[in-house]
Amino acid sequence: MVVVTVVLATTIACMKPHVRTTLDHSTDVAQLWEEPRDLEGRDLFQGVGGGSLAPSPRTPFEFVAEDRSGYSPGYDVRDAEGLAWSVKLGPEAQPEVAVSRLLWAIGYHQPAIYYLSSWTMTGGTGGLQPPGRFRPDLSTWKVVGDWSWYENGFANTRAFKGLVVANLMMNNWDWKTSNNKIYEIRDRDSRESRRIYVVRDLGASLGKTSFPKLLDWFPMRGLGQGSRNDVDDFESQGFIKRVEGERIDFYYRGIHQNVLETVSRSDVVWTSRLMARLSDAQWHDAFRAAGYPDDQARRFVAKIKTKVAEGLKLGEM
């Protein structure tokens, strides 16, 4: 029995990896984050793709395949111009769009995504469809791999730690490696290419984190660790629990404590100062882009701004 207990304890310890850098001479922090010098002018309604790429709800989409991978159902579809789109339905669609807009606003790379409150499809189930997140399959953007929160070339950088803070502010808890994509982007004219690192599937956000009892023994990332797209839950969870020097304890429940331990007080201040540059109109547009009613949007924004204010206060200590 003692042997079994020791083996189990050792196994559990091994399942809780520590963050380490894989930094080499080819790693450039600009692959993860670029300073948003135009932050105050960024259009958070249309996002990085702009209005010209936005899908039209007036033209039916052609069914290509059903997507049953992951938590949310969805489809692969094609528009009238022949462009392929990935569509995500269900409660993750809205937070993915809103949080993606906010990460892009403060300098983190994001793919173009949009939200349609209603749309129609030919083929498959056909007819009028429920609201969904639309992400285009652009020929110039190719996924070439995944990247991990625990092993990456940015782990020692302010940009990486700021990304952790931003995700904490949004209560994103689904930090699977498969949610993080490496894109190779090709320039149409020069044919040169570059790589970017993206936290892409952000739907498990804007709720609260939790820690099911089973995680005490089996800290597997496949187990749910919170709610999503729930404004009451989002408002109920705090942000900063305590501060001791540069060390920060967060109101976070989940299996990724080792990632959080890399974050310092100055990292929280840095991220908060970026978020504080957003105007009221930009905050409103980020949630309007995701189809939130005004009353819900105001509540989400107010809570995030409270967290930003907590972070800014740390800079005064």
When the scattering of the range 145-201 is computed by the Debye formula from its Cα atoms alone, each counted once and equally, what is log10 I(q)/I(0) at q = 0.18 Å⁻¹? -0.68
Considering only C-alpha atoms, what is the centroid distance from the range 54-78 to the range 100-128, in Å? 10
If the limit is 26 Å between Cα atoms, which of K88/K305; K88/K208; K161/K303; K241/K305 go over it? K88/K305
What translational diffusion coefficient, in µm²/s and rounded to a whole number, does the Stokes-Einstein relation yield for the range 221-270 at 4 °C and a viscosity of 1.567 mPa s, taking the hydrodynamic radius as the Kirkwood radius over Cα pairs? 104
With a 1.4 Å probe and every protein chain kept in, tell me what percent of the accessible surface of the chain is carbon plus sulfur. 50
The range 297-311 to the range 247-294: how many Å between their Cα centroids? 9
Restricting the calculation to Cα positions, tell me the Rg (one decimal) and the Dmax (whole number) of the range 111-185 in Å. 16.6, 50
For the ranges 52-61, 198-207, what's the packing order if you count other beta-carbon atoms within 10 Å of each residue, average per peptide, and put the highest first? 198-207, 52-61
Expected 222 nm ellipticity per residue - DSSP helices of 4 or more, -39500 (n - 2.57), all of the chain, to 500: -8500 deg cm²/dmol
So, relative contact order of the chain in percent, Cα under 8 Å, 6 or more apart, is 20
Please report the orientation-averaged projected area of the range 218-317, defined via the convex hull of its C-alpha atoms, in nm². 7.5
For the chain, longest principal axis from Cα atoms; helix 2-14 axis from its Cα atoms; angle between them, nearest 10 degrees, is 50
So with the 1.4 Å probe, I'd like the accessible area per residue for the range 261-317, rounded to whole Å². 46
From the C-alpha gyration tensor of the chain, square roots of 5λ in Å: 31, 24, 21
Considering only protein heavy atoms, what per residue accessible area in square angstrom results for the range 31-134 with a 1.4 angstrom probe? 43
Probe 1.4 Å, accessible area per residue of the range 145-215, Å²: 39
What do you get for GluC sites (Glu not before Pro) in the range 30-127 restricted to DSSP loop and a cutoff of at most 16 other Cβ within 10 Å of the site's Cβ? E34, E81
On Cα atoms only, tilt of 265-275 relative to the major axis of the chain in degrees: 20
Cα gyration tensor of the range 76-145, axes a ≥ b ≥ c as square roots of the eigenvalues: rounded (a/c below 1.5), prolate (a/b > b/c) or oblate? oblate
With Cα coordinates, the longest principal axis of the chain makes an angle with the long axis of helix 158-169, in degrees rounded to 10, of 80
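The values are calculated or read from the model by the stated rules, or taken from the named source; none is laboratory data. Values in this document were obtained by computation on a predicted structure and should not be read as measured data. Note that we place each Cβ from the backbone using ideal geometry, even for glycine, and neighbour counts take in every protein chain shown. These area figures cover heavy atoms from the full protein model, side chains too; ligands, DNA and RNA do not enter into them. Shrake-Rupley method; radii C 1.70, N 1.55, O 1.52, S 1.80 Å.
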